[in-house]
Structures are given as C-alpha cells and as structure tokens.
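Here the structure is laid out as structure tokens; the discussion comes afterwards.
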Amino acid sequence: MDFQPVLDDIVSTLKPELGAGKVASYIPALARVSSHQLGIALRTREGAEYCAGDATTLFSIQSVSKVFSLTLAMRNLGEVLWQRIGREPSGNPFNSLVQLEAEHGVPRNPFINAGAIAVADRLVSTCGDGRAEILALLSSLCGEAVAFDEEVAASEAETGFRNIALANFMKGFGNIDNDVAPVLDLYFHQCSVAMNCVQLARAIGYLCNDGAHPLDGSALVSDRQARRINSLMLTCGTYDAAGEFAFRIGLPCKSGVGGGIVAVLPDTLSLCVWSPGLDETGNSLLGMKALEMFVARTGLSVF
Ligand code: GLN
C-alpha cells in the first residue's frame, strides 16, 4: 500500500487547525516550541518509510521514552520486574500521587511517572551507565545518533518537584533500591531525549516485528515481551485517556508532553505523529486527530 497520499492528506486536512491545544509550559524549553507544527512518519514492517509535514523536526520525546526504558528493564530483568510495578490503567493523571499511598508505593503501570521512575531505579541497578544505555538503544534502533537536550534535562530536575516526591514516596515504601538522585537523573535525562517522527517511527519498529530490531533483525525482546509492551501501550500508554484512544483509534500508543505519539499496528507498521499542542489529558490534540484519521482512511487497527 502506498501510504504517502494518506499522510499528505492528513497533514493538509489538519493544517487549518494548527495551533490548537496548549503547549506544555512547565519548563521554558517546551513552552517556547511553536504549536503550529505537525509531523507524521510511518514505517512498514518490511522497512518502507513515508513521512509528511514536520516529520524531521527534533522534539522532546518526554514520556515516549518510557517505552524504551521499559524495554531495557524487561531485557535486563525478565519477570522479576513485575514484582515492583503493576499492569493496570491508573485512571489518574500521569503525575498523580494519590493512588501510590493506597497501593503501598507500587505504581499501577510502567507508563505513569511513578512507574517509569521505578523502572529507572531498576536500570540504575542493572545497567553500568543507564544514560549511555538509553542513548545507545535509541541510536541503534533508528540508525542515527540521538542525544539528550541538556537544557531540558536541567529544567526537568529544577522543576520536577512532583517527580522528586514520587521517588521519595516510593523509597519510603521500599520500592526504590538506589538513592533517589541517580534514579531521577536517569528519568529526567530519558525525558529530555530529542528525536523526530522519522526516527521514532523507525525506533519503535520492533513492536510491529515480534520484538526484532527494526534495522538488523536481531531479537531485541521476545515475541511475548513485544506483545506485552503493546498491551500496556493500548491500556496505559496515553495516561488517563487510554480508553478514549482505544475507542477512537484502536492502536497501542505512547504519548509524551512534548506532543509526540508513537503507535503500532502489530505485524504491520509503526507510526509517529507530533504536534506540540496538548489537550487537557496531556496528549497531543492534533496527533490524536491525525491517528484517528489514519485509522479511518486505511481501515488499519487492531480491532
Ligand atoms: N518530564 C515529564 C514529567 O515527568 C514527562 C511527562 C509526560 O510526558 N507525560 O512530568
């Protein structure tokens, strides 16, 4: 199938709506990004790539990084990882503290902030250098060197009071083994990685290819692990809007407050859309619309 006309049509149809939504404003580096941008990239399982709009503009991947840190932790730890982290949708905002109290410091899932911080703790324990391993994984998956945006990482650390609270709270329950400082340093850095739609559509390709590395075909994770990551993305990947995403789009997705969303159609293709304007749940407003249009125009979804 030639996806190029579909992607071009999505970008031109949504053009009049550019600027909708609210750009994340908790740090200056994200607040100054123009909301008048929309990019979309697609990669088939076989490796054909298509893109439209601002697909090669770098943006802050933010919580999209949680898929990749989870992937590393699943590789390093296997089943034991799930002693520390649940697999249920939270039904709460991504940075909420309330549920953690009632659930004894065990985060609902790896895609809310508490869960990703618990994953970062596991990486600090099992990686020699967690920061380097994240960058090496992402660079290898997209075949291009990717880097942290150190300004974003520093601002995340300066303003990350809730994340600092979440880490300390979990440590109080014995669910964080390491000092909170290196754990948060890794979490803030993974959020700060800068990538574009083309790179992310490629990097997430292992989830539409039974866990095989998109470029060299080696086993990054097992088929079963890839299925599990896709399940978690479908049920928990877009925070409190996961039900709405499943209803309207029906693809495993993971979003970030930088405005990026990766999406997977298992065995077929992977996608990344980006538009910085967010809705009230912290998901890209036009990104969600673009995915909805993609599914409507192609009839491709897991359902
Ligand atoms: N850096 C952001 C935070 O930790 C990431 C959140 C997100 O993308 N949902 O609050």
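Residue count for the stretch 265-303 under the criterion of being farther than 17 Å from residue 238 by Cα and among the hydroxyl-bearing types (Ser, Thr, Tyr): the result is 2.
Residues of the stretch 41-83 being among the charged types (D, E, K, R) and part of a strand (DSSP E or B), which ones?
First pass over the stretch 41-83, keeping only residues among the charged types (D, E, K, R): 43, 45-46, 49, 54, 66, 75, 79.
Once the filter is applied, which keeps residues that are among the charged types (D, E, K, R) and part of a strand (DSSP E or B), the stretch 41-83 yields 43, 49.
A single member of 287, 258 is modelled with pLDDT of 95 or more, in contact with a Leu (Cβ under 7 Å, 6 or more places away or on another chain) and surrounded by 23 or more Cβ atoms within 10 Å (Cβ to Cβ), and it is 258.
Is it the case that some residue within the stretch 206-223 is part of a helix (DSSP H, G or I), at pLDDT 95 or above and either within 16 Å of the ligand (Cβ to nearest atom) or surrounded by fewer than 18 Cβ atoms within 10 Å (Cβ to Cβ) (or both)? Yes, that holds for at least one residue. Within the stretch 30-50, being within 19 Å of residue 152 (Cβ to Cβ) and in contact with an Asp or Glu (Cβ under 7 Å, 6 or more places away or on another chain) holds for 37, 39.
Residues that are more than 16 Å from the ligand (Cβ to nearest atom) and not hydrophobic (A, V, I, L, M, F, W, C) were ranked within the stretch 245-268; the one that is nearest to the chain's Cα centre (by Cα) is 252. Residue-level check: of (1) farther than 13 Å from residue 197 by Cα; (2) surrounded by fewer than 14 Cβ atoms within 10 Å (Cβ to Cβ); (3) not hydrophobic (A, V, I, L, M, F, W, C), residue 56 misses just (1). Do you know which residues across the stretch 90-131 are among the charged types (D, E, K, R), surrounded by fewer than 22 Cβ atoms within 10 Å (Cβ to Cβ) and within 16 Å of the ligand (Cβ to nearest atom)? Answer for the stretch 90-131, where residues must be among the charged types (D, E, K, R), surrounded by fewer than 22 Cβ atoms within 10 Å (Cβ to Cβ) and within 16 Å of the ligand (Cβ to nearest atom): 108, 131. The set of residues in the stretch 81-110 that are modelled with pLDDT under 95 and of a type in the set (Val, Ile, Thr) contains only 98.
Please go through the stretch 11-36 and give me each residue that is without any contact (Cβ under 8 Å) to a residue 12 or more places away in the chain and under 22 Å from the mean Cα position of the chain (by Cα), ordered by number. Matches in the stretch 11-36: 25, 31, 32.
Among the conditions (1) more than 20 Å from residue 253 (Cα to Cα); (2) assigned to a helix (DSSP H, G or I); (3) of a type in the set (S, T, N, Q), the only one that residue 96 does not satisfy is (2).
Of the residues making up the stretch 227-244, those that are of a type in the set (A, V, I, L, M, F, W, C) and either more than 16 Å from the ligand (Cβ to nearest atom) or outside any helix (DSSP H, G or I) (or both) number 2. Listed conditions (1) assigned to a loop (DSSP other than H, G, I, E, B); (2) surrounded by fewer than 22 Cβ atoms within 10 Å (Cβ to Cβ) are all met by residue 15, apart from (1). Tallying residues that are more than 16 Å from the ligand (Cβ to nearest atom), hydroxyl-bearing (Ser, Thr, Tyr) and under 18 Å from the mean Cα position of the chain (by Cα) within the stretch 37-89 yields 3.
The values are calculated or read from the model by the stated rules, or taken from the named source; none is laboratory data. Worth saying up front: this structure is predicted, and the values here are computed from it rather than measured. We place every Cβ from the backbone using ideal geometry, glycine too, and count neighbours over all the protein chains shown.
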